[in-house]
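Please treat every number below as a calculation from the coordinates, not as lab data. These figures come from a predicted structure and were not determined experimentally. Cβ coordinates were reconstructed from backbone atoms using ideal geometry, including for glycine residues, and neighbour counts include every protein chain displayed.
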Amino acid sequence: MSRRHTIGFLTAAAVVVTSLAMPPWAWARYGSSGSETNSFTTGILATPFLTAVCGTGLLKSTVNLSWTLTSSWADGYEIRYGPSASNPSVTVVPSGGRTTQTYSTPNLTGIGDYFFTVTGTRSLWRSPVSNQVSKNIFAIIGLGTCS
Amino acid sequence: MRRKRLQLALGLVAVVAIASTSVGVTLALYSSKPTGETNTFAAGTVSVTNVLTGACSAATNNMAPGDTASCTLATTYAGTLSGYMALDVFIATQKNLAPGSWTDLYNPADATNEAQITVSSTTPTVSYVVAGGSPTSFGTLGTCPGAVTSLDGHDYSTGYDKCYLLSNLLVQTAAFASGTVTFTTSISLPAAEPNTYQGGSAVVVLAAHAVQSKNNAINCTAGGTSPTAGAVCAPVAPFAWS
């Protein structure tokens with residue numbers, strides 16, 4: 001018996017022995033698979049850019065605000081202003097939704113600077129706060145000036 | 001002497017020739033032997049083919065509170081052997097990378113406000129859930145895999161905050177002989193989702209797989225030989241998924 005035949009015989013024998021010795025669960029199983037990937041991302045509201053001008057008219061202490069559009073999926077804006085730069089005391093949500101880009105304050109009172117910011121909104125989501133702008137108000141008993 | 005030898009040799013040749021001829025006639029017998037038997041052994045196949053129907057119902061980027069979207073995957077079973085089919089669900093999630101306090105979009109710790117992710121199928125109609133859990137609690141938190149070990153060959157080891165894997169959700173108790181299962185991945189963002197979810201992301205990978213049922217009767221940790229479709233089927237030997 002040649003060496004080649006000997007190896008062949010031993011291999012076959014090993015296969016038989018292995019097959020008999022292997023428990024059923026050790027046999028190779030046929031399987032197949034495939035996958036699908038879906039990516040979901042939430043948006044980030046774009047930051048509006050705010051500008052402010054004083055209202056016109058005699059003894060008027062109003063400020064007219066205007067800003068750039070936020071993201072197309074926003075539902076509106078939130079304006080905050082007040083005498084404190086770090087903690088504006090007044091919050092206003094202009095009516096009209098995302099396409100409303102102006103707001104005029106009522107006559108502001110007091111003496112000193114007023115600070116203004118705006119954010120885009122979608123439900124509870126807020127865009128980063130816009131640039132902060134300020135106007136100097138000099139107003140007593142509802143009459144005053146803005147500069 | 002030499003001539004005699006030559007005559008003897010020729011004589012022998014003639015005798016051999018005659019003998020051969022007669023023997024040839026004698027041996028011209030009709031004979032037959034049985035036709036050999038041919039046995040062909042062909043291994044069966046287990047085959048699932050995926051067709052991305054594509055198309056998600058709505059944009060899956062720039063999603064906002066109150067938005068919903070769903071995407072479908074059609075998986076066709078076409079093996080010559082019947083097979084059991086199961087679904088693996090993998091989710092990798094990330095938060096807004098901008099400075100600030102943000103939350104991963106998929107966040108089982110906040111089941112009310114996180115992205116509500118569900119997986120279901122038609123033919124058969126099944127909702128896939130963690131047994132005894134919420135539909136939004138897919139997977140167990142684990143290490144984000146690299147390209148070699150992820151379900152879709154993508155490298156999730158960088159760029160993602162947390163990863164979850166849920167394996168072997170049984171599609172149907174009975175083995176498939178053929179047919180197409182359409183899986184749907186749905187996501188909805190609660191209308192009152194807090195601002196901290198803004199800018200987050202979640203990748204959902206569905207991987208359908210099948211294994212032969214012949215000589216591999218189903219047996220699961222939950223449900224034994226009568227497991228529940230849609231629930232995890234952790235195999236009990238001798239049953240195995242691969």
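Computed from label points 7 Å out along Cα-Cβ, the spacing between residue B:122 and residue A:78 is 4.1 nm. The distance from the alpha carbon centre of region A:80-118 to that of region B:97-128 is 37 Å, rounded to a whole number. Normalised by the residues of region B:130-224, what does the relative contact order come to in percent, with Cα pairs under 8 Å and at least six apart? Once normalised by length, the contact order is 21 percent.
Given R₀ = 56 Å, what would the calculated FRET efficiency be for residue A:102 paired with residue B:158, taking r from the Cβ atoms and rounding to 0.05? Calculated value: 0.80. Close amide H contacts of residue B:182 (hydrogens built in the peptide plane, cut-off under 5 Å, sequence separation of 5 or more or a different chain): B:75, B:122. Amide H contacts of residue B:63 (H built 1.01 Å from N, in plane; Pro and chain starts excluded): A:41, A:42, A:43 sit under 5 Å, all sequence-distant by 5 or more or on other chains.
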